[in-house]
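As structure tokens, the structure follows; a few thoughts come after it.
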Amino acid sequence: MRDNALARELLRAGHDVTIAPMYLPLMLDENVLPGLEKAPIFFGGINIFLQQKLSIFRKTPAFFDRLLNRPSLLRWAARHSHMTSAREHGKMALEMLNVETSPFRKEWDKLLEWLEEEKPDLVCLSNALLAGFASELKRRLRVPIVTFFQGEDSFLDGLPEPYRSQCWSTLEQGLAFSDLTIAPSHYYAALMRERLRLNPASVEVMYNGMTLDGYSVATEPPAHPTIGYFARMIREKGVELLVDAFIVLARELEDTVTLLKIAGAATAGDEPLIAQLKQRLSAAGLEGRVEWAPNLTRDQKIAFLRGLTIFSVPAVYPEAFGLYVIEAMACGVPVVQPDASAFPEIVGAAGGGVCVPPRDAKALALAWQQLLADPAQRAKFSAAGRLGVEKHFSAATMCVQFCQLTNSLTRASNAARAAFPTN
């Protein structure tokens, strides 16, 4: 979503921008960059899985690879697998960081040839798990390489050994070939500088921005006070803690009217946890006050957010940013988030809510109770949050910051290529 919002804004500003989808087609709930449907999918998830497991698939012809890269097939595979499970893909993660010598050389050559035809002035690697691309990209294209951090630590720490240690070490080496590394928050910049022993000057901060089209503040409050959650329905995002806090609110704090609405992405692998939480709510006699809404469209998401009184995603892992927080504030919904990770920074910059002790269901429930009882404070948070998103977290602001960070790189690179052209 960040990549698409940035690319669209750069295009609007007059730049020539292309996105190269990796692993899967972009599955977004907003308008994609014009022309993206013509871009091939590189390192298709089915292709690289087969190429890693069986050497015969490393020699298959291009037409066969294209069949396996069909967007409809890849979307089906994404819905029926755990393609982002760190526990199952340690070897693949390490091979992608060592892509030049990996079983994926065929896929890597396809991407290099396509980029050579595109002739970019700058290449951005969407996340640091692609840092292994930087060295050969610089040699072949002679352009600056920018690498984004996007929460890689949780994935890497979830890898089994020896892959965990090897990936961290290889990532540190690969980042040396990036001309610029950008983190989505000061919190995450500091965390990755420490984990990767990076020079502080080598990591810049650029907040993720969102396209505000369609996001607006509701003119009327919901019929019943409503607490909402919008993120993937997994334990790491805090959905279990959210349910525990709602039970505290209803039982221990004796709230008899507030509703809880839980929305967001849910795959087949998430169903066991969801079923468990539904049973917990049923045992507490609260199933009738909780609504589950998986896999909403963009319009449904905005309508969902505008129908909330308070928003919370009490993530229990070191969240690098949390786009869902600014989406809620863009709709004027006050947020109650953990006082951990990037949340204090984001909520503080926008002024659209409060932070509470992390991993504490009762503290979360008490904050909800206090805010539900204070409409004047909610109104202040609503107005401040919306203005704060417009100022600090819009796609337009992100585009300006990105250009400020990269203009000097592209000018220097273009001058060097003009002075020393290739044959």
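Assorted remarks:
- Computed from the alpha carbon atoms alone, the convex hull of the chain holds 143 Å³ per residue.
- For the chain, a Gaussian network of Cα nodes joined below 10 Å ranks W168, W108, W76 by mean-square fluctuation, and the top entry is W76.
- For region 155-204, radius of gyration divided by Kirkwood radius, i.e. Rg to Rh on alpha-carbons: 0.98
- Semi-axis lengths (Å, descending) of the ellipsoid that matches the C-alpha gyration tensor of region 199-250: 31, 22, 10
- Theoretical ellipticity at 222 nm over the chain - DSSP helices of four or more residues, -39500 (n - 2.57) apiece, nearest 500: -14000 deg cm²/dmol
- Among D213, D179, D255, residue whose mean-square fluctuation peaks in a GNM of the chain (springs only between Cα atoms under 10 Å): D213
- The charge dipole of region 163-280, taken about the Cα centre with unit charges on the Cβ atoms of Lys, Arg (+1) and Asp, Glu (-1), comes to about 340 debye, rounded to the nearest 20.
- Computed with a 1.4 Å probe over protein heavy atoms only, the accessible surface of the chain comes to 45 Å² per residue.
- Share of alpha-carbon pairs per 5 Å distance bin for region 1-115, given as whole %: 2, 10, 19, 21, 20, 14, 8, 3, 1, 0
- Between R251 and A62, the simple spin-label model (points 7 angstrom out along Cα→Cβ) gives 6.2 nm.
- When region 321-423 is reduced to its Cα atoms, the Kirkwood hydrodynamic radius in Å: 15.8
- Under the simplified labelling scheme, the A376-E37 pair shows an inter-label distance of 5.4 nm, with each label point 7 Å from Cα along Cα→Cβ.
- Measuring r between the beta carbons of R195 and K391 and using R0 = 25 Å, the FRET efficiency lands at 0.25.
- For V205, the residues whose modelled amide H falls within less than 5 Å of its own, excluding neighbours fewer than 5 places apart on the same chain, are A183.
- Relative contact order computed over region 302-423 (Cα-Cα under 8 Å; 6+ residues apart), in percent: 23
- The orientation-averaged shadow of the Cα convex hull for region 29-181, equal to a quarter of the hull surface, comes to 9.7 nm².
- Between amide H atoms placed 1.01 Å from N, distances below 5 Å from C124 occur with V146, all of them 5 or more places distant or on a separate chain.
- Added length on full extension, which subtracts the Cα-Cα distance from 0.36 nm per residue, Q369 to T18: 121.7 nm
- The chain: most fluctuating residue of P318, P34, P272 per GNM, C-alpha cutoff 10 Å: P272
- Normalised by 2.2 N^0.38 Å, with N the number of residues, the alpha-carbon radius of gyration of region 251-297 equals 1.27.
- Portion, in percent, of the accessible area of the chain that falls on carbon or sulfur, probe 1.4 Å: 55
- Tensor-based shape of region 285-342 (alpha-carbon gyration tensor, a/c under 1.5 rounded, otherwise prolate or oblate): oblate
- Rg/Rh, computed from the Cα trace of region 165-235 with Rh as the Kirkwood radius, has the value 1.20.
- Those lysines that a straight Cα-Cα span of less than 23 Å connects to K138, excepting residues fewer than 8 apart in one chain: K106, K110, K119
- Region 138-206: trypsin sites (Lys or Arg not before Pro) falling in loop per DSSP and having at most 12 other Cβ within 10 Å: R197
- Tail beyond 23 Å, pair distance distribution of region 121-257 (Cα, percent): 54
- Alpha-carbon centroids, region 184-250 and region 1-49: separation in whole Å: 23
- Cα long-axis angle, helix 186-196 against the chain (0 to 90 degrees, to the nearest 10): 50
- Close amide H contacts of T226 (hydrogens built in the peptide plane, cut-off under 5 Å, sequence separation of 5 or more or a different chain): L259, T309, I310.
- Against the main long axis of the alpha-carbon atoms of the chain, helix 2-12 sits at an angle near 70°.
- Calculated on alpha-carbon atoms, Rg and Dmax of region 93-167 in Å: 13.2, 39
- Considering region 247-355 at the alpha-carbon level, its Rg and Dmax are found to be 14.7, 40 Å.
- Taking every DSSP beta bridge that has both ends in the chain, the antiparallel portion is near 0%.
- Panel values: region 363-407, Kirkwood radius from alpha carbon pairs, Stokes-Einstein at 20 °C and 1.002 mPa s, translational diffusion coefficient 168 µm²/s.
The values are calculated or read from the model by the stated rules, or taken from the named source; none is laboratory data. What you are looking at is a predicted structure, and each value in this text was computed from that prediction instead of being measured. As a convention, Cβ positions derive from the backbone with ideal geometry for all residues, glycine included, and neighbour counts pool all protein chains shown. With ligands, DNA and RNA removed, areas are computed over all heavy atoms of the protein, side chains included. Shrake-Rupley method; radii C 1.70, N 1.55, O 1.52, S 1.80 Å.
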